[in-house]
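Student: Quick one: the structure is below, and I'll ask about it shortly.
The values are calculated or read from the model by the stated rules, or taken from the named source; none is laboratory data. Please read these numbers as outputs of a predicted model, since none were measured by experiment. A quick note on method: Cβ atoms are made from the backbone with ideal geometry, for glycine too, and the neighbour counts reach across all protein chains shown.
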Amino acid sequence: MLSFMNSPIRKLPQARFPLWLILCALLTALGPLSIDMYLPAFPALAADLGADIGSVQMTLGTFLIGLAVGQAFYGPVSDRFGRKAPLYVGLGLYVVAAAACAMASDVEALMAWRFVQAAGSCAGVVVSRAMIRDRLEAHESARAFSSLMLVMGLAPILAPLAGGAVLAAFGWRAIFWVMAASGALVLLFVHLRLEESLDPARATPLHLGRVFRNYAELLRDREFVGYSLCAGFAQSGMFAYIAGSPFVLIELHGIDPSHYGFVFGANALGLIGMSQANAALVRGRSLNQVLRVALFAPLLAGLLLAVVNLGDVATLPVLLLCFFVFVAALGCIMPNASALALTHQGHRAGTASALLGTLQFGLGTMAGAAVSIWHDGTALPLGVVMAVSGTGALLMHRIGQRAATAQSAP
């Protein structure tokens with residue numbers, strides 16, 4: 001039986017990382033772990049399965065699609081049956097799919113099971129955000145989301161290193177067995193230590209018509225859509241960077257492939273640093289104030305990237321600076337935009353969290369695809385996409401803020 005906490009926490013306790021938040025971080029980590037851990041295995045995977053690199057890269061694409069669309073299922077389910085029930089389903093799917101990936105005999109099977117693996121892992125993303133909304137008010141939610149961003153920043157640094165070590169010792173299939181074991185361990189912790197956060201009195205009926213009405217109402221909510229798309233556009237710039245920076249830095253500017261990881265890691269450290277600084281910045285300041293200032297960083301970085309590449313005057317130091325500023329600023333943008341998007345959605349936090357994630361990963365997937373589709377042998381497509389991302393994030397924030405102001409007006 002699900003155990004409900006009769007007195008939801010509205011402020012973070014003295015311990016910066018209470019147990020429930022640590023478990024939320026573990027749930028959130030499964031997605032980045034599943035993306036970054038197997039990247040070093042691409043060549044070995046292609047050779048073993050007799051596939052070209054493009055097909056192997058599609059296994060990452062199907063995973064991202066699964067992350068984008070799978071979240072829509074877990075939100076309404078968590079609003080009806082509580083936050084823990086969807087985790088059993090999602091984590092179970094994740095473990096089975098990861099094991100199936102380890103036993104895949106061809107790249108097509110791997111693509112299919114990667115989609116299922118993503119559909120399982122996104123339960124943790126949806127439920128973690130919903131639990132934070134259940135337990136905390138807006139400012140404290142932003143601090144909690146900043147803690148989750150610590151995980152998002154560490155994953156690109158640690159996961160490829162771990163994946164490379166496992167690959168060297170046991171082969172690429174062992175990487176997926178490690179993922180399966182990690183999912184099983186998180187599932188055990190969830191079962192034993194995670195307490196339910198949804199008040200049974202606030203559970204909503206799970207009728208298909210009602211689910212569609214909830215999503216329709218959310219899409220008509222300018223405050224929710226504005227802040228969600230603000231986060232989505234900002235994150236899409238990072239997806240574009242992930243998709244395009246290897247070519248730009250290694251092929252165009254001659255960075256040694258072995259050194260590319262240091263560049264990636266430095267940007268991830270910037271993300272971590274800003275996410276932790278954000279937890280302090282939101283004390284005594286409005287979330288909108290911090291968010292508004294932070295949004296100018298990706299705007300200026302993206303526009304500078306587009307201009308220097310359009311004029312064919314891009315230098316390596318300028319590119320590295322722009323990438324760092326853009327990615328690091330997400331440490332302030334993502335926690336605050338997410339907290340603001342969910343502020344008035346307590347009665348349907350799961351559904352709202354699901355749509356928030358779908359919009360974020362949907363825009364991110366499109367941005368990464370745009371960089372690949374428009375590839376012309378230069379850095380211009382990457383610069384343009386990141387400029388659009390930075391501009392879109394600022395514009396969407398203004399829409400969300402104006403809607404919030406109008407809603408609070410007497």
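Student: Taking region 93-143 as the search range and keeping residues that are modelled with pLDDT of 90 or more and polar (S, T, N, Q), which one is farthest from the chain's Cα centre (by Cα)?
Tutor: Once the filter is applied, the top-ranked residue is 105.
Student: Can you tell me which residue is surrounded by the most Cβ atoms within 10 Å (Cβ to Cβ) among those in region 202-229 that are assigned to a helix (DSSP H, G or I) and small (Gly, Ala, Ser)?
Tutor: 228
Student: Here is a further query. Quickly run through region 365-384 and pick out the residues that are β-branched (Val, Ile, Thr) and over 27 Å from residue 218 (Cα atoms).
Tutor: Matches in region 365-384: 371, 373, 378, 384.
Student: Still on this model: Do any residues in region 260-282 that are in the same structural domain as residue 244 (by TED's automatic domain parsing) have Cβ atoms under 6 Å from those of residues that are in a helix (DSSP H, G or I) and of a type in the set (D, E, K, R), where the two are at least six apart or on different chains, and which pairs are they?
Tutor: 279/143
Student: Outside any helix (DSSP H, G or I) and of a type in the set (A, V, I, L, M, F, W, C): does that describe residue 272?
Tutor: Judged against the criteria, residue 272 is not a match.
Student: Still on this model: Pairs only if they're at least six apart or on different chains, beta carbon under 6 angstrom, first in region 23-48 and outside the structural domain of residue 147 (by TED's automatic domain parsing), second at pLDDT below 85; list them, first residue then second.
Tutor: none
Student: Checking the condition among the hydroxyl-bearing types (Ser, Thr, Tyr), within 30 Å of residue 375 (Cα to Cα), surrounded by 15 or more Cβ atoms within 10 Å (Cβ to Cβ) and touching a residue at least 60 places away in the same chain (Cβ under 8 Å), which residue from 182, 236 passes?
Tutor: Answer to the check: 236.
Student: While we're here: What pairs can you find where one residue is in region 84-97 and in the same structural domain as residue 109 (by TED's automatic domain parsing) and of a type in the set (Lys, Arg), the other is modelled with pLDDT under 95 and in a helix (DSSP H, G or I), and their Cβ atoms are less than 9 Å apart, with a gap of 6+ or different chains?
Tutor: What qualifies is 84/78; 84/127; 84/190; 84/191.
Student: Evaluate region 387-395: report whether one residue or more is within 26 Å of residue 140 (Cα to Cα), under 22 Å from the mean Cα position of the chain (by Cα), buried (at least 20 other Cβ atoms within 10 Å of the Cβ) and at pLDDT below 90.
Tutor: There is no residue in region 387-395 that is within 26 Å of residue 140 (Cα to Cα), under 22 Å from the mean Cα position of the chain (by Cα), buried (at least 20 other Cβ atoms within 10 Å of the Cβ) and at pLDDT below 90.
Student: Restricting attention to region 40-57, which residues are modelled with pLDDT under 85, touching a helix residue (DSSP H, G or I) at 6+ places or on another chain (Cβ under 6 Å) and either surrounded by fewer than 21 Cβ atoms within 10 Å (Cβ to Cβ) or among the basic types (Lys, Arg) (or both)?
Tutor: Correct list: 42, 53, 55.
Student: Given the criterion out of contact with any Asp or Glu (no Cβ under 6 Å at 6 or more places or on another chain), in a helix (DSSP H, G or I) and surrounded by fewer than 21 Cβ atoms within 10 Å (Cβ to Cβ), identify the matching residue among 143, 129, 173, 133.
Tutor: The unique qualifying residue is 173.
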